[in-house]
Protein chains: 2
Amino acid sequence: MEFELTEDFLEQLKNAVVSRKILYIQDQMNELLAPDISIILHELDMHEAKYILQLLDKEFSAEIIRELDEDFRKKFLKDFSSEEIADYIEFIDSDDAVDILNEQPVRIREEVIDLLEDETKANHIKDLLHYDEDCAGGLMAKELLKTNLNWTIDQCIEEIRRQTKNVEKIYSIYVVDNQDKLLGRVSLKKMLLADDNALIADVYDSDIISVESYRDAKEVAEIMKRYDLVSIPVVNVHGKLLGRITIDDIVDVITEQAELDIQMMAGISNPIEEDDDIWTLSKARLPWLLIGMLGGILGAKFIGLFEADIALIPAMAFFIPLITATGGNVGIQSSSVIVQTLAKETSPTLLTFDRFFKGLLVALINGIVISGVVFLINFLIGEATTLSIVVSTALFCVVMLSSLMGTITPILLSRFGVNPALASGPFITTANDLLGLGIYFSVAHLLYSNL
Amino acid sequence: MEFELTEDFLEQLKNAVVSRKILYIQDQMNELLAPDISIILHELDMHEAKYILQLLDKEFSAEIIRELDEDFRKKFLKDFSSEEIADYIEFIDSDDAVDILNEQPVRIREEVIDLLEDETKANHIKDLLHYDEDCAGGLMAKELLKTNLNWTIDQCIEEIRRQTKNVEKIYSIYVVDNQDKLLGRVSLKKMLLADDNALIADVYDSDIISVESYRDAKEVAEIMKRYDLVSIPVVNVHGKLLGRITIDDIVDVITEQAELDIQMMAGISNPIEEDDDIWTLSKARLPWLLIGMLGGILGAKFIGLFEADIALIPAMAFFIPLITATGGNVGIQSSSVIVQTLAKETSPTLLTFDRFFKGLLVALINGIVISGVVFLINFLIGEATTLSIVVSTALFCVVMLSSLMGTITPILLSRFGVNPALASGPFITTANDLLGLGIYFSVAHLLYSNL
């Protein structure tokens with residue numbers, strides 16, 4: 001029923017592309033739905049993906065493009081001319097069209113809009129380009145069904161018959177006055193039950209919840225959730241109907257928000273995607289690692305204040321909190337990324353090694369930066385050289401191993417049917433504390449006896 | 001537009017209840033929507049809530065009951081007779097009716113079902129009682145619109161006119177054969193555009209995604225998200241149409257899932273609600289605190305293995321990781337609960353003190369248990385008494401203060417417009433590490449010089 005991508009399927013498809021088995025590819029693809037094909041395209045080279053897409057019907061291809069992941073689509077569409085992109089945009093609702101065009105360079109964006117044959121669509125898109133993507137205006141589509149308050153049900157049905165060609169899904173018919181001011185809605189249910197000659201004014205529902213275009217996407221999501229809405233009209237400050245937001249976009253907002261919260265809990269400062277490049281991933285993780293590291297240094301200095309009390313402690317004891325805190329932070333960062341990936345996973349067996357190797361590279365960069373900065377600070381504050389070497393070496397190993405632990409634990413838990421989110425909690429922190437202490441004291445033991 | 005509950009409004013309403021201003025209450029309530037009134041009822045005493053509800057129209061009251069929080073509703077309906085509950089259930093869709101009845105004692109549940117006048121509804125409810133609430137069957141409603149494959153559009157519209165009275169919202173019309181086997185769907189859009197004499201068989205869409213009743217709720221959510229569905233039909237293993245799941249229920253599943261993940265990240269073992277009693281809250285938090293504590297003790301023992309190397313360290317250094325880890329765990333637990341509460345918050349100014357006091361009580365219990373168990377273990381492994389007192393005293397203070405920090409930080413962040421989820425990350429861990437070390441060494445300094 002729902003499609004599950006297998007490695008076998010992917011291999012056969014890639015072979016079909018190589019040997020140009022056009023009919024085979026078309027048959028295979030036409031049995032699937034657009035979201036499924038978008039999942040497949042993500043696993044292919046750009047030229048393979050383009051080859052397959054161009055074998056399909058334009059409207060269907062447009063739908064597939066709409067479903068692609070933002071980052072992938074940005075790279076993917078680089079290979080297409082403005083004319084080709086415009087051909088697809090003709091079939092895409094204004095809200096999604098704007099999202100796609102906003103990913104393009106300004107020149108391409110303007111060329112595509114100029115090339116659109118459907119003038120209404122071009123105007124819709126130009127209207128929507130103003131809005132920030134995190135507000136109601138940025139989420140709304142201009143395509144909607146509306147009816148004048150003074151019409152009869154019959155007139156309204158005729159008008160819907162005309163309008164409906166442009167509107168993908170019908171949820172509500174909005175009722176407006178002659179100035180396009182939103183007055184209410186009529187449900188299709190009411191229209192079916194009412195007399196054909198009844199006036200809209202007699203059957204419409206004036207209790208309508210709308211949002212102003214400037215409202216925050218999160219607020220819109222809260223409102224739609226609270227009132228169980230599948231669509232919500234968007235108005236300007238004067239109450240004029242501008243567009244509508246549908247629940248599928250709000251489900252995305254809710255999901256992204258939950259992800260963002262979890263990333264925040266994990267100390268990742270920018271919203272990142274698992275398939276961002278390693279620099280982006282490193283940069284998003286470093287700020288909190290650095291702050292945690294500074295905290296650890298402050299902690300070490302603080303213990304140092306009690307040096308007289310704790311007498312003949314070898315100075316390395318000061319760095320215990322630094323080691324454990326860094327291990328904990330790295331572990332939670334790594335595991336929360338894996339947890340998110342596992343939750344979104346459509347093909348868990350694919351590319352596991354690449355992903356794993358990428359995780360190690362990110363850890364390598366972060367480990368070098370963290371241990372380097374600590375070494376520098378220790379040098380600046382005049383810490384003994386041997387101790388500085390011990391601390392930085394241990395810190396590097398802790399970052400690498402905690403990252404490894406944070407990557408492997410959720411994968412193992414998930415394989416054994418346990419919720420991998422478990423691995424982002426105190427479990428990994430506690431394990432990493434012990435691991436960190438083990439590494440730290442082993443390194444110290446080795447280095448002090450050999451230097 | 002959307003309702004925001006203020007303390008003023010609440011006070012006036014409570015006064016109106018005391019002075020029995022029936023018309024005032026009815027006027028106020030009839031201006032609001034059911035989800036808003038459910039929010040108000042949560043802030044009232046049970047008898048105030050019941051008084052208000054009974055002043056309203058039965059259908060509207062039923063809708064309000066449907067919107068109430070599970071725990072609140074369970075207590076609230078205790079005050080109602082089975083006859084009264086049955087009167088409300090008549091107006092509630094089968095999926096929500098089952099949820100409400102499942103909260104009731106078996107006797108009440110059976111009485112209510114027997115009392116239902118609408119026999120179809122009674123049968124629907126009996127059908128649904130079998131299903132686990134976390135599977136597709138447990139999410140579906142029996143109310144749906146269906147049409148036979150062999151009908152004309154006109155016949156179908158007539159049938160819909162008849163069926164639609166029982167169906168709250170129309171998203172899709174399902175197409176079945178004579179044995180009720182699901183064959184596809186017709187969109188209302190297609191029906192409006194097609195000739196009245198056309199056959200359903202000619203216009204219906206056989207590409208339909210359905211789920212079997214045993215499928216996991218999370219899987220259903222993933223499918224509806226992937227394919228942007230607002231409703232999905234549920235079938236039995238033979239493909240017979242059983243019911244439909246609507247997106248509002250799936251939005252709840254997604255939200256609950258995100259909450260559960262965050263709770264897991266925070267080391268809370270059972271799904272808890274902010275308004276559970278303090279024992280439940282304590283019990284849900286303790287397991288990971290104990291494991292973290294055990295880890296801390298292991299860490300202390302591990303450092304102890306290197307006693308010869310680190311020479312004359314006073315033994316208290318061993319407990320540094322225990323102190324910092326406990327502080328971190330407690331801080332993240334407290335803050336993540338507050339973060340969730342803030343995210344769901346409808347009236348942030350209400351009951352803040354109660355909530356705060358409750359948080360302190362939870363911390364008190366956990367602090368006593370943790371420091372008590374550590375004291376016991378230290379006694380059993382023969383640790384020096386003075387050191388044991390130092391560790392347990394410090395641990396108790398750390399639990400209390402970290403919990404305070406974890407509670408206050410997200411509230412402050414949120415007041416200053418910063419996402420409070422920030423407070424559950426390494427920020428609070430780092431701050432709590434320093435706090436913990438400060439407490440630990442201060443307590444040790446004081447006690448060692450006075451004992």
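The values are calculated or read from the model by the stated rules, or taken from the named source; none is laboratory data. Note that this is a predicted model, so its numbers are computed, not measured. A quick note on method: Cβ atoms are made from the backbone with ideal geometry, for glycine too, and the neighbour counts reach across all protein chains shown.
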- For segment B:373-390, how many residues are buried (at least 17 other Cβ atoms within 10 Å of the Cβ) and at pLDDT below 75? 1
- Over segment A:216-242, the set of residues among the β-branched types (Val, Ile, Thr), at the interface with chain B (Cβ under 10 Å from one of its Cβ atoms) and out of contact with any helix residue (DSSP H, G or I) (no Cβ under 7 Å at 6 or more places or on another chain) is A:Ile223, A:Val235
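So for segment B:3-13 (the condition being charged (D, E, K, R), assigned to a helix (DSSP H, G or I) and touching a residue at least 24 places away in the same chain (Cβ under 8 Å)), does at least one residue qualify?
Kept after step one, since they are charged (D, E, K, R), are these residues of segment B:3-13: B:4, B:7-8, B:11.
From what is left, the residues that are assigned to a helix (DSSP H, G or I) are B:7-8, B:11.
Then drop every residue that is not touching a residue at least 24 places away in the same chain (Cβ under 8 Å), which leaves B:7.
Taking every residue of segment B:3-13 in turn, at least one turns out to be charged (D, E, K, R), assigned to a helix (DSSP H, G or I) and touching a residue at least 24 places away in the same chain (Cβ under 8 Å).
Just a yes or no: is a residue in segment B:137-149 β-branched (Val, Ile, Thr), in contact (Cβ under 8 Å) with a residue 12 or more places away in the chain, over 21 Å from A:Arg161 (Cα atoms) and away from chain A (no Cβ under 14 Å)?
To start, the set of residues in segment B:137-149 that are β-branched (Val, Ile, Thr) comprises B:147.
Subsequent filtering for residues that are in contact (Cβ under 8 Å) with a residue 12 or more places away in the chain retains B:147.
Still in the list and also over 21 Å from A:Arg161 (Cα atoms): B:147.
Now restrict to residues that are away from chain A (no Cβ under 14 Å): none.
No: zero hits.
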- Query: Do we have A:Val98 as touching a residue at least 12 places away in the same chain (Cβ under 8 Å) and more than 28 Å from A:Leu242 (Cα to Cα) here?
  - Reply: no
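Run down A:Ile223, A:Ile232, A:Ile200 and say which single residue is crowded, with 19+ Cβ neighbours inside 10 Å, at pLDDT 85 or above and more than 37 Å from the chain's Cα centre (by Cα).
Result of the check over A:Ile223, A:Ile232, A:Ile200: A:Ile200.
Yes or no, residue by residue, for (1) surrounded by fewer than 20 Cβ atoms within 10 Å (Cβ to Cβ); (2) at pLDDT 70 or above:
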{"site": "B:Leu294", "(1), (2)": "yes, no"}
{"site": "B:Leu305", "(1), (2)": "yes, no"}
{"site": "B:Ala308", "(1), (2)": "yes, no"}
{"site": "B:Ser335", "(1), (2)": "no, yes"}
{"site": "B:Ile338", "(1), (2)": "no, yes"}
{"site": "B:Glu345", "(1), (2)": "yes, no"}
{"site": "B:Leu360", "(1), (2)": "yes, yes"}
{"site": "B:Ser371", "(1), (2)": "no, yes"}
{"site": "B:Ser392", "(1), (2)": "no, yes"}
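Do we have any residue at all in segment B:86-94 that's touching a strand residue (DSSP E or B) at 6+ places or on another chain (Cβ under 8 Å) and either crowded, with 17+ Cβ neighbours inside 10 Å or of a type outside the set (Ser, Thr, Tyr) (or both)? Steps first, answer last, please.
Pass one, segment B:86-94, residues touching a strand residue (DSSP E or B) at 6+ places or on another chain (Cβ under 8 Å): B:93-94.
Narrowing further to those that are either crowded, with 17+ Cβ neighbours inside 10 Å or of a type outside the set (Ser, Thr, Tyr) (or both): B:93-94.
Within segment B:86-94, one or more residues are touching a strand residue (DSSP E or B) at 6+ places or on another chain (Cβ under 8 Å) and either crowded, with 17+ Cβ neighbours inside 10 Å or of a type outside the set (Ser, Thr, Tyr) (or both).
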- Would you confirm whether any residue within segment B:255-264 is surrounded by 19 or more Cβ atoms within 10 Å (Cβ to Cβ), within 9 Å of chain A (Cβ to nearest Cβ), among the charged types (D, E, K, R) and more than 25 Å from A:Glu31 (Cβ to Cβ)? yes
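Quick check on this structure: which one of A:Leu23, A:Leu10, A:Leu41 is of a type outside the set (S, T, N, Q) and surrounded by 16 or more Cβ atoms within 10 Å (Cβ to Cβ)? Please lay out each step first, then the result.
Details: A:Leu23 fails: surrounded by 16 or more Cβ atoms within 10 Å (Cβ to Cβ); A:Leu10 fails: surrounded by 16 or more Cβ atoms within 10 Å (Cβ to Cβ).
Answer to the check: A:Leu41.
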- Query: Would it be correct to say that A:Arg162 is surrounded by 17 or more Cβ atoms within 10 Å (Cβ to Cβ), out of contact with any Asp or Glu (no Cβ under 7 Å at 6 or more places or on another chain) and either without any contact (Cβ under 8 Å) to a residue 24 or more places away in the chain or not hydroxyl-bearing (Ser, Thr, Tyr) (or both)?
  - Reply: no
- Looking at A:Lys75, is it without any contact (Cβ under 8 Å) to a residue 60 or more places away in the chain and more than 24 Å from A:Pro35 (Cα to Cα)? no
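Taking the condition within 30 Å of B:Val98 (Cβ to Cβ), in a helix (DSSP H, G or I), at pLDDT below 95 and away from chain A (no Cβ under 14 Å), does B:Leu41 pass? Write out each step before concluding.
Details: within 30 Å of B:Val98 (Cβ to Cβ): yes; in a helix (DSSP H, G or I): yes; at pLDDT below 95: yes; away from chain A (no Cβ under 14 Å): yes.
In short, yes.
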- Message: Which residue is surrounded by the most Cβ atoms within 10 Å (Cβ to Cβ), if the candidates are limited to segment B:310-332 and must be modelled with pLDDT under 70 and within 9 Å of chain A (Cβ to nearest Cβ)?
- Response: B:Met316
- Task: Could you tell me which residue of segment B:203-220 is farthest from A:Leu144 (Cα to Cα), considering only residues that are of a type in the set (A, V, I, L, M) and buried (at least 21 other Cβ atoms within 10 Å of the Cβ)?
- Result: B:Ala217
